[in-house]
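J.: Take a look at the following structure, please.
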């Protein structure tokens, strides 16, 4: 166990805390937990590189922690009718498609390396930004711009769909080249 992996585990532990805060309508505290989770995400990767403590465990835990936070945030905020359910379905569907593709490639014994494309990194950023701005607007409703947030929902959905298709096409290319 090293510092970066410990930070990743802290991020995983923060996910249920985040959900409990949302369930109680404590949006300001949920926002603080979300920010702490975001900071630990950046910090664990940075420290792993600087301290040369990149591990196989960390390479699996880090994206799982990211997905746990994002998916949980969207599901919880959808249940609370704060984020539209259709957006959550798109986000979860993309992740399921990626997992399905990885499973198919593994079952076919095809070797591959998962590297997020730029569109996927932009998608993750937009998903995190969406949750962040929604939480800010719930905490400080006078600063929430409804039209801006709705526009962000659509932009996030668009990038999520494009990213999903990008993974599908990359998976097909890997299968065809095997």
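J.: Please order 151, 160 by the number of other Cβ within 10 Å, starting at the fewest. Don't skip to the end; give the middle numbers.
T.: Working: 151 11, 160 24.
Ascending Cβ contact count within 10 Å gives the list 151, 160.
J.: Fully extended, how many nm does the chain gain between residue 86 and residue 110 (0.36 nm per residue separation, minus their Cα-Cα distance)? Intermediate values should be presented prior to the final figure.
T.: Numbers: separation 24, 0.36 × 24 = 8.64 nm, distance 3.33 nm.
Roughly 5.3 nm would be gained on extension.
J.: Taking only Cα atoms, what is the 0 to 90° angle, nearest 10, from helix 118-139's long axis to the longest principal axis of the chain?
T.: The angle comes out at about 20 degrees.
J.: Could you state the angle between the C-alpha long axis of helix 3-23 and the longest principal axis of the C-alpha atoms of the chain, as a value from 0 to 90 degrees rounded to the nearest 10?
T.: 40
J.: Multiplying the sequence separation of residue 20 and residue 162 by 0.36 nm and subtracting their Cα-Cα distance, what value in nm do you get?
T.: Numbers: separation 142, 0.36 × 142 = 51.12 nm, distance 3.20 nm.
Result: 47.9 nm gained on full extension.
J.: Under the rule a/c < 1.5 gives rounded, and otherwise a/b versus b/c splits prolate from oblate, where does the range 1-55 land using the Cα gyration tensor?
T.: prolate
J.: Which whole-number percent is the relative contact order of the chain (Cα, under 8 Å, 6+ apart)? All intermediate terms of the calculation are to be shown ahead of the outcome.
T.: Values: 149 pairs, mean separation 44.3, N = 178.
Result for the chain is 25 percent.
J.: Using only the alpha carbons, work out the radius of gyration and Dmax of the chain in angstrom.
T.: Here Rg and the maximum Cα pair distance are 17.2, 55 Å.
J.: For helix 56-79, what angle does its Cα long axis make with the longest principal axis of the chain, in degrees from 0 to 90 and rounded to 10?
T.: The helix 56-79 is inclined about 40 degrees to the chain.
J.: Would you mind telling me which residue in 67, 52, 121 has the biggest mean-square fluctuation in a Gaussian network model of the chain, where springs connect alpha carbons within a distance under 10 angstrom?
T.: Comparing 67, 52, 121 in a Gaussian network model of the chain, the most mobile one is 52.
J.: Using 0.36 nm per residue of separation minus the Cα-Cα distance, give me the extension gain between residue 150 and residue 175 in nm, one decimal.
T.: 5.2 nm
No lab work stands behind these numbers, since they all come straight from the coordinates. These numbers come from a predicted model, not from an experiment. Every residue, glycine as well, gets a Cβ built from its backbone with ideal geometry; the counts of neighbours run over all protein chains shown.
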